[in-house]
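Visitor: One structure, pasted below without further comment.
The values are calculated or read from the model by the stated rules, or taken from the named source; none is laboratory data. Predicted, not measured: the structure shown is a model, and the values here were computed from it. Cβ coordinates were reconstructed from backbone atoms using ideal geometry, including for glycine residues, and neighbour counts include every protein chain displayed. To get the accessible areas, we keep the full protein, side chains included, count just its heavy atoms, and leave off ligands, DNA and RNA. Shrake-Rupley method; radii C 1.70, N 1.55, O 1.52, S 1.80 Å.
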Amino acid sequence: MSTKLNILILYGGRSVEHEISIRSAKNVVENIDRDRFTVHLIGIDKQGSWFFHEKMNKSIREGEPVFLNLDAVDPFIVRQNGSKILMDVVFPVLHGTDGEDGSIQGLFTAMNVPVVGSGVLGSAVAMDKIVSKKVLLESGIPVAPFMEFDVSQKKSIDFHEIAEKLGVPFMVKSAALGSSVGVSKVKSETDFQAALDESFRYDDRIIIEQFVDGRELECAVIGNDEPEASFPGEIIMVKDYDFYTYTAKYLDEDAIKIQLPAETDDKTTEKLRQISIAAYQALRCEDFARVDLFLTTEGEIIVNEINTIPGFTSVSMFPMMWQHMGMSYTELISRLIDLCLARHNKSKGRETDYKAVN
Ligand SMILES: Nc1ncnc2c1ncn2[C@@H]1O[C@H](COP(=O)(O)OP(=O)(O)O)[C@@H](O)[C@H]1O
Ligand SMILES: [Mg+2]
């Protein structure tokens, strides 16, 4: 009998980051250690239908419909021909809605299947830009001053009130999206309405933040009991974008330059790494995450956000940062799966019955 572990890789998904997830998953599938793991692929289409694939060479809907056996004692998936695939580990290579926000994590956790990456709590908190900033603030981690609004308040959101509190320009963002979707920079009252409309298109809650004038840095964090942070990398805008937009991220190859490691003095580098670990722990992240920060012109460090499933494409920061630290892409994937399994095994001994003692 094979002693290889069955890894279910999930990709695609209902989020606006569907395409990016496919690109990330292709890279994971190409680089995963085939001596240790047997890979099974599940593509989730934009409508949320799940399909089994032998290889990632077809469009998602061309795969076989797949069924989950909802049984925490013996969790498996069933292929169209009736064959069962036991699930040793699920690796969601999904970004944004459903995949990164705790939903998929909850589904598999309820079935007692180990899921690589942050669990329900860490995923959900990190996904929400408002809740995560409140938790970070409470933990003494610096974030940009912000205001929050619900769609029911939309008509009464006042440009002048915001300008007075946060200054101009400011950033308007959907609360729980990624890839710069629903994000705008407001430079004057004339941009304001369009920015509100854009952010409310994708979410019922928005965050409006003070604009931070600074460098954009990212730190990769891995681990559970004693998380480690990579050296920070820097996103350097080389073209004239207002900020790191969707186009600059994915469509315009020459928009940015990645500087790895970032050119920061030793003291700042250490501080960036420490704050990244503190932010990761404050949001209850598990296994891995990428912490995005600003370094202001005055040398102040501000945490922007934490991505619990960062990009895994060939040009993504997260794997590149670990490569720079001496860990190959293949080793990185194995390490994440091992962290997940160790965490899962640790939670096994926990009591699930209660006998009243008082
Ligand atoms: N407060 C801010 N000050 C300056 N730039 C910001 C601020 N918030 C976001 N940005 C810019 O917008 C980009 C996307 O915003 P971010 O909060 O990271 O959302 P996403 O989850 O979509 O990546 C950032 O990479 C940065 O370029
Ligand atoms: Mg971001």
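Visitor: Taking S188, is it polar (S, T, N, Q) and under 23 Å from the mean Cα position of the chain (by Cα)?
Guide: no
Visitor: If you don't mind, another one. In the stretch 276-307, what residues are surrounded by 23 or more Cβ atoms within 10 Å (Cβ to Cβ) and among the hydrophobic types (A, V, I, L, M, F, W, C)?
Guide: Residues satisfying the conditions are A279, L283, C285, F288, A289, V291, L293, V303, I306.
Visitor: Another question about this same structure. Before we move on, is K154 at pLDDT below 95 and assigned to a helix (DSSP H, G or I)?
Guide: The answer is yes for K154.
Visitor: Oh, and also: Hey, can you tell me all the residues within the stretch 281-323 that are in a loop (DSSP other than H, G, I, E, B) and touching a Phe, Trp or Tyr at 6+ places or on another chain (Cβ under 7 Å)?
Guide: Selection gives P310, G311, F312.
Visitor: Follow-up question, since we're still on this one. If you take the residues in the stretch 149-181 that are among the aliphatic types (A, V, I, L, M) and out of contact with any helix residue (DSSP H, G or I) (no Cβ under 7 Å at 6 or more places or on another chain), which one is surrounded by the most Cβ atoms within 10 Å (Cβ to Cβ)?
Guide: Checking each candidate, the answer is M171.
Visitor: While we're here: Going through the stretch 220-247 one residue at a time, which ones are away from ligand 1 (no atom under 14 Å from the Cβ) and part of a strand (DSSP E or B)?
Guide: A220, V221, I222, E228, A229
Here is a yes/no grid of residues against (1) under 27 Å from L8 (Cα atoms); (2) within 16 Å of ligand 1 (Cβ to nearest atom); (3) not assigned by TED's automatic domain parsing to the domain that holds A248:
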{"site": "T297", "(1), (2), (3)": "no, yes, no"}
{"site": "V303", "(1), (2), (3)": "no, yes, no"}
{"site": "I306", "(1), (2), (3)": "yes, yes, no"}
{"site": "L332", "(1), (2), (3)": "yes, no, no"}
{"site": "A356", "(1), (2), (3)": "no, no, yes"}
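Visitor: Let me ask you something else. Counting only residues that are open to solvent by less than 20 Å² (accessible area, probe 1.4 Å), part of a loop (DSSP other than H, G, I, E, B) and of a type in the set (A, V, I, L, M), how many does the stretch 16-37 have?
Guide: Total satisfying the criteria: 1.
Visitor: Here is a further query. Has the stretch 87-96 got any residue that is in contact (Cβ under 8 Å) with a residue 60 or more places away in the chain, farther than 30 Å from R201 by Cβ and open to solvent by 10 Å² or more (accessible area, probe 1.4 Å)?
Guide: yes
Visitor: While we're here: If a residue has to be in contact (Cβ under 8 Å) with a residue 60 or more places away in the chain and among the aliphatic types (A, V, I, L, M) to count, how many in the stretch 163-204 make the cut? Step through it out loud before you land on a result.
Guide: As a first pass, look at the stretch 163-204 and keep what is in contact (Cβ under 8 Å) with a residue 60 or more places away in the chain: 171, 176-181, 183, 202.
Then keep just the ones that are among the aliphatic types (A, V, I, L, M); that gives 171, 176-177, 181, 183.
Final tally of qualifying residues: 5.
Visitor: Evaluate the stretch 261-276: report whether one residue or more is under 22 Å from the mean Cα position of the chain (by Cα), closer than 14 Å to V221 by Cα, in a helix (DSSP H, G or I) and among the hydrophobic types (A, V, I, L, M, F, W, C).
Guide: yes
Visitor: If the Cβ limit is 8 Å and pairs must be 6+ apart or interchain, which residue in the stretch 40-67 that is of a type in the set (S, T, Y) pairs with which residue that is assigned to a strand (DSSP E or B)?
Guide: S49/P65
Visitor: Among what's in the stretch 231-260 and is under 20 Å from the mean Cα position of the chain (by Cα) and aliphatic (A, V, I, L, M), pick the residue that is surrounded by the fewest Cβ atoms within 10 Å (Cβ to Cβ). Walk me through it before giving the result.
Guide: First pass over the stretch 231-260, keeping only residues under 20 Å from the mean Cα position of the chain (by Cα): 231-235, 243-251, 258.
In the following step, the residues that additionally are aliphatic (A, V, I, L, M) were identified as 235, 248, 251, 258.
Details: I235: 19, A248: 20, L251: 9, I258: 15.
In this case the residue turns out to be L251.
Visitor: Tell me yes or no: at least one residue of the stretch 222-230 is open to solvent by 60 Å² or more (accessible area, probe 1.4 Å) and within 30 Å of D150 (Cβ to Cβ).
Guide: Looking for residues that are open to solvent by 60 Å² or more (accessible area, probe 1.4 Å) and within 30 Å of D150 (Cβ to Cβ), one finds none in the stretch 222-230, hence no.
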